[in-house]
């Protein structure tokens, strides 16, 4: 949902909520006040109606009082003359006094004249109640001594009516009473007058009378109420009010009801309606105005900002930043921040690009270097693999040759017939070749030790003494080749720390090589003390080593002559052993021909007493 | 001709091997055994004198046994050749010999003590000719 739609929705919902709240408060609070007012108004009308109806009884009481205290009436009760009736009981006169019935009752309460008033022969029949009043005990006076008076309401002919009774006395109020005079006035006319005066629908009916359900319900509720009067709304437009009319004994006999228009409520409802309508129109107008202003000052700017940012973000866009908004509000701040961010992003992108190029170059260089290293390592590995195969080939030869010599000599001796000289020589050959075998086996063992365990067990020993022992051993070997091996040494000790067995192996290699490659000329060895080291130099006058082979001499499996004797590990091991003891092994050509091989070990420090060159 | 009368030339750079072969053959009755300490010297001797059999070592400095075979072939020397070698991989040498010099016989040095005489006898039964 777009921000615009959201804004519209939020303001709309807020207004609707406010509208509903306002309606609830106003309507809820004022409606009860209006109802209270309506009830009060109806109650006032009912009170007025009640007064009118009761006034009917009072007025009727006065009228009947005039008739009862009139001497002619008193006389009439005695004479019962027709003249009195003719003169005083005319329908027109009685009707003008709104009397519907008049009755004369003797001292024994027996009716002797009950007249229904009717003009032009329209008099209704005399209701049964008026002929049997005494049976109802409505008379308050006792026979012969009537002094009381009564007035009230009762149902006459099934219709509510006011009735008044007075004892007939002299005009001076003296008795004895000669009977009772009663007058009846129906309340219908009074009710009509009331309704007409108030423009109100007034109704009166006897309890138990067959009336519509609405009235019957009202009658039931009224009878159930304690006050005998009640007001209530009938519907949205009509308010009703009713009260009970009791007879002279206090028994409810009729219901008076008015129905009046709910003008206040209708006016209130209209007021609410117009108020809300006005409020709605105002709210909609306000929302529209608010929305337009929001759109103008906020949303449209945000849209423009969003569009600018999206333009920058498009692939291959030429826009690198947004236009700066010079305002002073939050959107301007947002604009400024985005502008700043994009500027930094631009810088970062440039730096990144530069770094990428630089990194690419560096990476390329590194790859080239690593490739060269890998190629070199691969070449080295291949060389080592080739060397190892060659070693296996050579070691086979180197082991088999002395073995074959031993076997052949033993076989020759077994065959017998060998002269003494030959036998002695044969024995020496067997011995020498056993030594050779041991040397080759030692080569293999030392190589394995260096490759897999590199075990060096150091202890102090005299390097000079060890060289002497080895030289002595190879002295005999040299003699078999008619070569002299000479060792030059002053005789002083050269104490070193190291693995005596390994060092012996290294020195043996140098002597062995020197004798093998001496070219039939003498071999010379020298011991010296140089710069804190014990140095052995073994030299011969054999064939020169080619310059290109000199650097390779100490490599594993290297042999200057691939078909020559040896396994190609001797010098490699010699240098390794020197390095393991912090010493050195190196080669120097000998002038005018031959080779010099050196092996040095650091002298064990004993306080510097014997340091120095010899 | 008795086999023990055969003239045999041993070409091997290892003096002790040469001496040992010579001792062994002498103990078996062969009295005409000469030695050469290198291929060059051996080929020269073979071309100058008539030998019945050449015992040739393969691994020698400067000129190897293969070089000697080439020289013998090139010089059209018709002496029988028995290669004796202590190489680590004898089957390789045998294969190459069978391919390049099918008339040349082969024997491992370590079997010489027990079987050299028998092998020499086998070789001498074959006709001499260019290799």
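The values are calculated or read from the model by the stated rules, or taken from the named source; none is laboratory data. A quick note: this is a predicted structure, and the numbers were derived from the prediction, not measured. With ideal geometry, Cβ positions are generated from the backbone for all residues, glycine too; neighbour counts draw on all protein chains shown.
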Right, residue A:409: within 18 Å of residue A:474 (Cβ to Cβ) and without any contact (Cβ under 8 Å) to a residue 40 or more places away in the chain or not? no
Of the residues in the stretch A:477-515 that are within 14 Å of chain B (Cβ to nearest Cβ) and surrounded by fewer than 16 Cβ atoms within 10 Å (Cβ to Cβ), the one that is farthest from residue A:540 (Cα to Cα) is A:480
Among the residues of the stretch B:11-29, which ones are in contact with a strand residue (DSSP E or B) (Cβ under 7 Å, 6 or more places away or on another chain) and within 23 Å of residue A:437 (Cα to Cα)? B:11, B:18, B:21, B:22
Taking residue B:69, is it away from chain A (no Cβ under 11 Å) and crowded, with 24+ Cβ neighbours inside 10 Å? no
Which of the residues belonging to the stretch A:153-171 are free of Cβ contacts under 8 Å to residues at least 60 places away in the same chain and assigned to a loop (DSSP other than H, G, I, E, B)? A:157, A:158
Inspect all residues belonging to the stretch A:437-445 and state whether any of them is free of Cβ contacts under 8 Å to residues at least 60 places away in the same chain, within 11 Å of another protein chain (Cβ to nearest Cβ) and more than 60 Å from the chain's Cα centre (by Cα). no
Failed item, numbered, when residue A:238 is tested on (1) modelled with pLDDT of 90 or more; (2) touching a helix residue (DSSP H, G or I) at 6+ places or on another chain (Cβ under 6 Å): (2)
Looking at (1) touching a strand residue (DSSP E or B) at 6+ places or on another chain (Cβ under 8 Å); (2) farther than 29 Å from residue B:13 by Cα, can you tell me which one residue A:491 breaks? (1)
Qualifying residues in the stretch A:174-195 (those that are closer than 29 Å to residue A:109 by Cα and out of contact with any strand residue (DSSP E or B) (no Cβ under 8 Å at 6 or more places or on another chain)) - the one surrounded by the most Cβ atoms within 10 Å (Cβ to Cβ): A:178
Test: residue in the stretch A:536-553 that is over 25 Å from residue A:473 (Cβ atoms) and touching a helix residue (DSSP H, G or I) at 6+ places or on another chain (Cβ under 9 Å): no
Just a yes or no: is a residue in the stretch A:520-528 assigned to a helix (DSSP H, G or I) and touching a strand residue (DSSP E or B) at 6+ places or on another chain (Cβ under 9 Å)? no
Where residues in the stretch B:119-131 are assigned to a helix (DSSP H, G or I) and touching a strand residue (DSSP E or B) at 6+ places or on another chain (Cβ under 8 Å), which of them is surrounded by the most Cβ atoms within 10 Å (Cβ to Cβ)? B:120
So, residue A:43, is that one surrounded by fewer than 16 Cβ atoms within 10 Å (Cβ to Cβ) and within 56 Å of the chain's Cα centre (by Cα) or not? no
Mind listing whichever residues of the stretch A:380-397 are more than 8 Å from chain B (Cβ to nearest Cβ) and under 20 Å from residue A:446 (Cβ atoms)? A:384, A:387, A:388, A:389, A:390, A:391
Which of the residues that make up the stretch B:7-31 are more than 14 Å from chain A (Cβ to nearest Cβ) and either at pLDDT below 95 or closer than 22 Å to residue A:397 by Cβ (or both)? B:9
Give the stretch B:73-118 a look and list any residue that's away from chain A (no Cβ under 14 Å), under 19 Å from residue B:52 (Cα atoms) and part of a helix (DSSP H, G or I), or say none. B:73, B:74
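Run down A:36, A:21, A:13 and say which single residue is in the same structural domain as residue A:189 (by TED's automatic domain parsing), more than 30 Å from residue A:261 (Cα to Cα), assigned to a helix (DSSP H, G or I) and free of Cβ contacts under 8 Å to residues at least 60 places away in the same chain.
On the way: A:36 fails: more than 30 Å from residue A:261 (Cα to Cα); A:21 fails: more than 30 Å from residue A:261 (Cα to Cα).
Among A:36, A:21, A:13, only A:13 is in the same structural domain as residue A:189 (by TED's automatic domain parsing), more than 30 Å from residue A:261 (Cα to Cα), assigned to a helix (DSSP H, G or I) and free of Cβ contacts under 8 Å to residues at least 60 places away in the same chain.
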Taking residue A:60 as the residue in question, decide whether it is within 28 Å of residue A:208 (Cα to Cα), modelled with pLDDT of 90 or more and assigned by TED's automatic domain parsing to the domain that holds residue A:186. yes
With the requirement that a residue be within 11 Å of chain A (Cβ to nearest Cβ) and either on the phi > 0 side of the Ramachandran plot or buried (at least 20 other Cβ atoms within 10 Å of the Cβ) (or both), what does the stretch B:32-63 give you? B:39, B:57, B:58, B:59, B:60, B:62
For residue A:566, are the conditions met, namely being buried (at least 21 other Cβ atoms within 10 Å of the Cβ) and at pLDDT below 85? yes
